[in-house]
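Colleague: Questions regarding the structure given below will be posed in turn.
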Amino acid sequence: MTIKSLHKRESDLAQSKNQLEILSNGIFRNGDLPKFKDKIAETNQFPLKAKPLEILQINVGYMCNQVCKHCHVDAGPDRKEIMTRETMQQCLDVIKNTGAHTLDLTGGAPEMNPNFRWFVEEASKIGVKDFIVRSNLTIIRANKKYHDLPEFFKKHKVHVVSSMPHWTRGKTDKQRGDGVFDSSIKALQELNAVGYGMPGSDLKLDLVYNPSGAFLPGDQASMEKDFKKALLEDFNIHFHNLFAITNLPISRFLEYLIASENYEDYMYNLVEAYNPAAVANVMCTNTLSVSWDGYLYDCDFNQMLELPVNSNVKHISEYNEDLLEGREIVISQHCYGCTAGAGSSCQGSVA
Ligand code: SF4
Ligand code: SF4
């Protein structure tokens with residue numbers, strides 16, 4: 001089990017340029033596999049262009065109480081990057097003035113940002129249609145000061161989306177750390193107790209599944225059935241939807257692929273499973289990702305690879321819809337993760 005972030009360990013992979021080099025060299029440089037750009041050009045889908053903004057995803061910091069093996073953020077307790085209230089205010093100003101229907105707060109553990117509750121209170125007043133907080137569940141149990149989060153989420157009608165790699169302790173703890181399963185189950189029961197995830201409830205509770213190894217997720221609908229059955233029978237837990245997400249070959253998952261000698265096979269699998277129908281719905285075309293320091297990216301993955309938006313507008317404080325719409329999306333070989341099989345986005349399958 002990894003116990004420190006790549007950054008703390010001063011790993012070569014902590015530098016995004018080294019990750020990008022791996023993704024552009026070897027099997028992609030020698031022509032064994034086509035580059036993503038060439039692949040999408042086969043179906044006249046290059047360049048990918050941004051459509052009107054629908055989802056604003058804000059990463060409020062890389063600090064997390066967990067250090068999951070496959071984290072694409074390289075988050076952990078040792079990451080200190082945290083969004084300030086000033087940057088949050090700039091985000092609020094943008095949310096008020098755009099047609100975005102979804103606000104999506106992520107991290108790290110977003111709840112660990114000291115201004116998280118203030119931000120949620122302010123953002124919930126704006127009245128976006130879908131206000132998502134990506135909670136890792138264990139944060140609810142991590143410290144007394146977080147125990148009231150289910151009530152807080154309920155008060156602000158937040159849509160809770162939580163990672164849950166499996167319905168068994170062994171598989172979950174292997175990926176996310178010892179004790180994570182038990183703590184997540186307790187947190188889910190507490191969310192259910194205030195009404196989250198219950199049949200017919202409008203307090204939305206969705207789970208995110210991502211594979212625990214170098215393989216692609218199975219069919220989202222059948223996995224959802226299996227998860228629902230097992231969690232209900234074993235723990236009396238209810239939830240609404242399961243999103244199946246493909247692990248993208250970046251950050252700590254890239255480290256895992258290389259260390260387990262699975263990198264090339266995994267890339268072959270992604271390219272083999274390439275689905276041109278998924279390209280039209282990749283999330284970067286209607287999403288903007290804001291980093292903890294206010295810079296703009298086409299998606300959270302590009303944020304971690306430090307690939308900024310291809311626009312004169314680079315920061316949330318300079319937001320300009322006209323200049324951002326129609327921009328060319330910045331792509332590399334990690335994008336194959338979004339177009340394999342049924343496709344993958346923060347809302348699960350896309351095709
Ligand atoms: S809980 Fe999420 S952000 Fe935190 S280490 Fe795990 S995957 Fe990364
Ligand atoms: S990784 Fe980001 S830029 Fe690439 S296809 Fe996926 S969402 Fe788009």
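The values are calculated or read from the model by the stated rules, or taken from the named source; none is laboratory data. Since the structure is predicted, the reported quantities are computational estimates derived from the model, not experimental observations. For neighbour counting, all protein chains shown are included, and Cβ atoms are generated from backbone atoms with ideal geometry for every residue, glycine included. These area figures cover heavy atoms from the full protein model, side chains too; ligands, DNA and RNA do not enter into them. Shrake-Rupley method; radii C 1.70, N 1.55, O 1.52, S 1.80 Å.
Colleague: So how many residues does the stretch 21-64 have that are small (Gly, Ala, Ser), open to solvent by 20 Å² or more (accessible area, probe 1.4 Å) and in a loop (DSSP other than H, G, I, E, B)?
Modeller: The number of residues fulfilling the criteria is 2.
Colleague: Now a separate question. Quick check on Ala193: is it crowded, with 16+ Cβ neighbours inside 10 Å, at pLDDT 95 or above and more than 16 Å from ligand 2 (Cβ to nearest atom)?
Modeller: In short, no.
Colleague: For the stretch 199-208, state whether one or more residues are in contact with a helix residue (DSSP H, G or I) (Cβ under 6 Å, 6 or more places away or on another chain) and not hydrophobic (A, V, I, L, M, F, W, C).
Modeller: No.
Colleague: Tell me whether the stretch 92-103 contains one or more residues that are touching a Leu at 6+ places or on another chain (Cβ under 6 Å), among the polar types (S, T, N, Q) and open to solvent by less than 30 Å² (accessible area, probe 1.4 Å).
Modeller: Taking every residue of the stretch 92-103 in turn, at least one turns out to be touching a Leu at 6+ places or on another chain (Cβ under 6 Å), among the polar types (S, T, N, Q) and open to solvent by less than 30 Å² (accessible area, probe 1.4 Å).
Colleague: Moving on. Only one of (1) away from ligand 2 (no atom under 16 Å from the Cβ); (2) open to solvent by less than 60 Å² (accessible area, probe 1.4 Å); (3) of a type in the set (S, T, N, Q) is not met by Asn210, so which one is it?
Modeller: With respect to (1) away from ligand 2 (no atom under 16 Å from the Cβ); (2) open to solvent by less than 60 Å² (accessible area, probe 1.4 Å); (3) of a type in the set (S, T, N, Q), Asn210 is out only on (1).
Colleague: On to the next question. Return the pairs, sorted by first residue and then second, in which the second residue is of a type outside the set (A, V, I, L, M) and open to solvent by less than 60 Å² (accessible area, probe 1.4 Å), the first residue lies in the stretch 297-321 and is more than 19 Å from Leu20 (Cβ to Cβ), the beta carbons are less than 6 Å apart, and the residues are 6+ apart or on different chains.
Modeller: Ser311/Arg327; Val313/Asn320; His315/Gly294; Ile316/Gln90; Ile316/Cys91; Ile316/Gly294; Ser317/Gln90
Colleague: Out of all the residues in the stretch 281-297, is one or more under 20 Å from the mean Cα position of the chain (by Cα) and more than 30 Å from His315 (Cα to Cα)?
Modeller: No, there is no match, as no residue in the stretch 281-297 is under 20 Å from the mean Cα position of the chain (by Cα) and more than 30 Å from His315 (Cα to Cα).
Colleague: While we're on this one: Hand me the list of helices (runs of 4 or more DSSP H) wholly inside the stretch 251-351 holding 3 or more residues that are within 13 Å of ligand 2 (Cβ to nearest atom) and more than 19 Å from Gly108 (Cα to Cα).
Modeller: Passing ranges, in order: 276-279.
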